[in-house]
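Read the structure below first, then the notes.
The values are calculated or read from the model by the stated rules, or taken from the named source; none is laboratory data. Since the model is a prediction, treat every value here as computed from it, not as a measurement. Because the Cβ atoms are built from the backbone with ideal geometry, glycine has one as well, and the counts that use them run over all protein chains shown. Heavy atoms of the whole protein, side chains included, go into the accessibility calculation; ligands, DNA and RNA do not. Shrake-Rupley method; radii C 1.70, N 1.55, O 1.52, S 1.80 Å.
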Amino acid sequence: MADIWWKADPHDLHRLTDRVSSVYIERSHVDREDNAVLVINRRENVRIPAAMIAVVLLGPGTRVTHGAIRLLADSGTAVCWVGEQGVRLYAAGLGPSRSSGLLHRQAWLVTRPKERLNVARAMYAMRFPGEDVTKATMQQLRGKEGTRFKKLYQEHSRRTGVPWNGRVYKTGDAFAAGDDVNRLFSAANTALYGICHAVIVGLGASPGLGFVHTGSAISFIILDVADLYKAEYTLPLAFDLAAQGLTEERDARVALRDRIADTKLLSRIVTDVKALLNPPGTDFDTPETSALWDEHVGTVAAGTNWSAQDTHPATRSHLDLSPAALGEQHIAIVGPEFEDQAPPPGQQP
């Protein structure tokens with residue numbers, strides 16, 4: 001199995017001074033021990049201070065106790081139930097901090113046509129490196145993207161010898177329509193959506209507030225962010241698999257999983273999303289705690305009895321908003337394969 005893309009030595013966790021981006025856990029039992037998450041498998045026991053984790057990704061073969069989930073929630077840590085190596089997101093819990101700062105930033109951008117257009121242009125600029133799209137309209141950008149994919153379909157068809165007769169897919173069932181390459185492309189895209197979903201949830205942004213796309217509860221995850229990587233990942237993969245005669249949905253999912261692991265895509269998506277919503281030079285902070293909305297100054301401190309306070313706007317506190325910092329460290333704790341596990345001491349195999 002390929003190494004997890006954010007793999008590091010879990011025994012180094014106690015020496016980290018900043019919150020770790022994510023911890024991926026597979027084939028292990030997750031429990032609580034005081035204020036730490038205890039990860040147990042047949043190979044090792046790893047104790048992780050809960051407040052040091054931004055996102056916990058629970059992979060296949062993982063069991064987790066109520067106490068562990070409560071501790072992670074109290075620590076403001078996101079919990080995502082994912083497929084192997086993060087491919088596909090099945091469910092998610094609380095975000096990585098108590099703050100809604102990044103969500104507020106996203107909502108501010110998407111509800112202002114000028115700022116929304118700038119973010120959309122930045123997304124297209126990532127697909128057309130070296131081209132100036134700062135003055136392009138959305139109609140022009142959509143046309144350029146359509147032309148780009150038509151050329152890519154033809155190029156990969158010539159490269160692999162797999163015939164291409166156009167894009168065919170069925171909404172709601174990614175593996176139900178079209179020829180082999182169409183079905184493989186749809187299946188790989190579905191797996192890619194899970195990766196993007198996990199990142200968006202982990203960062204605390206909204207899946208539904210899209211910039212290029214709109215109207216869907218998952219516009220930002222599936223229809224915006226994932227589109228940034230299809231030309232590089234899922235499209236060539238679909239043609240390669242079809243050329244090899246590997247035409248099952250699992251073939252697409254496993255092949256994409258390994259490619260994602262090899263190229264560290266998850267870390268790249270984190271960087272891209274944060275840059276799109278909060279580019280360098282933006283004056284934007286994340287609140288550390290919750291606050292109360294105020295129509296004059298924006299926000300005031302929560303947890304205060306305001307009947308005894310000076311309510312003049314000049315004396316009220318101002319709230320800073322900034323993006324949640326996930327850091328750069330990624331940890332993987334993977335237990336041994338189930339069939340290789342030895343029986344506990346004193347028990348017969």
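Which cross-chain or sequence-distant (5 or more) residues have an amide H under 5 Å from the amide H of Glu33, H modelled 1.01 Å from N in plane?
Residues meeting the criterion, in which the H sits 1.01 Å from N, are Leu38.
Quick check: residue separation of His104 and Arg167 times 0.36 nm, minus the Cα distance between them. What number comes out in nm?
On the way: separation 63, 0.36 × 63 = 22.68 nm, distance 3.65 nm.
Stretched out fully, the His104 to Arg167 stretch lengthens by 19.0 nm.
Starting from the alpha-carbon convex hull of region 90-218, give the projected area averaged over all orientations, in nm².
Taking a quarter of the hull surface, the average projection is 9.7 nm².
With a 1.4 Å probe and all protein chains in place, put His104, His29, His66 in order of accessible area, largest first. Display every interim value, and only then the final one.
Values: His104 100, His29 50, His66 150 Å².
Accessible-area ranking of His104, His29, His66, largest first: His66, His104, His29.
Ignoring ligands and nucleic acids, what accessible area does Arg253 show with a 1.4 Å probe (Å², nearest 10)?
70
Mind checking the dipole of region 227-276: about its Cα centre, +1 per Lys or Arg Cβ, -1 per Asp or Glu Cβ, Debye to the nearest 20?
Values: 8 positive and 9 negative charges, 51 e Å.
Roughly 240 debye, rounded to the nearest 20.
Rank by packing, highest mean first: peptides 33-46, 234-247, 123-136, with packing defined as the count of other Cβ atoms within 10 Å averaged across residues.
Values: 33-46: 16.9, 234-247: 19.6, 123-136: 13.5.
Top to bottom by mean Cβ count within 10 Å: 234-247, 33-46, 123-136.
In whole Hz and in residue order, list the ³J(HN,Hα) couplings for region 122-133 that follow from phi through the Karplus curve 6.51 cos²θ - 1.76 cosθ + 1.60, θ = phi - 60°; x for Gly and Pro.
Listing the rounded values in order: 5, 5, 6, 4, 5, 8, 10, x, x, 9, 8, 10 Hz.
Let's test the formula: R0 of 25 Å, r as the Cβ-Cβ distance of Tyr90 and Glu33. What FRET efficiency results, to the nearest 0.05? Each step should come with its number before you reach the end.
Details: r = 26 Å, r/R0 = 1.05.
Taking R0 as 25 Å, the efficiency between Tyr90 and Glu33 is 0.45.
Return the distance in nm (one decimal) between the two label points of a simple spin-label model at Glu337 and Ala243, each offset 7 Å from Cα along Cα→Cβ.
Each label point lies 7 Å from its Cα, and together they span 2.9 nm.
Among the listed pairs Lys170/Lys274; Lys151/Lys264; Lys144/Lys230; Lys150/Lys230; Lys135/Lys274; Lys170/Lys230, give every one whose C-alpha distance is greater than 25 Å.
On the way: Lys170/Lys274 32 Å; Lys151/Lys264 27 Å; Lys144/Lys230 15 Å; Lys150/Lys230 13 Å; Lys135/Lys274 23 Å; Lys170/Lys230 18 Å.
As for pairs spanning more than 25 Å Cα to Cα, those are Lys170/Lys274; Lys151/Lys264.
Compute the FRET efficiency between Asp258 and Phe149 as 1/(1 + (r/R0)^6), taking r as their Cβ-Cβ distance and R0 = 35 Å, and round to the nearest 0.05.
Numbers: r = 24 Å, r/R0 = 0.69.
Step by step, r from the Cβ atoms, then E = 0.90.
List the residues whose amide H sits under 5 Å from the amide H of Ile333, counting only those 5 or more places along or on another chain, with H placed 1.01 Å from N in the peptide plane.
Distant-sequence amide H within range of Ile333: Tyr24, Ile25, Glu26.
Percent of accessible area on region 155-231 owned by carbon and sulfur, 1.4 Å probe? Please list the in-between numbers first.
Numbers: 1540 of 2960 Å².
Roughly 52 percent, rounded to a whole number.
Find, to one decimal place in angstroms, the Kirkwood hydrodynamic radius of region 54-143, where the mean of 1/r is taken over every pair of different Cα atoms and then inverted. Write out the running numbers ahead of the final one.
On the way: mean 1/r = 0.0617 Å⁻¹.
So the Kirkwood estimate lands at 16.2 Å.
Which ³J(HN,Hα) values, rounded to whole Hz and listed in residue order, are derived for region 232-237 from phi using the Karplus coefficients 6.51, -1.76 and 1.60 in 6.51 cos²θ - 1.76 cosθ + 1.60 with θ = phi - 60°, glycine and proline given as x?
8, 10, 7, 5, x, 4
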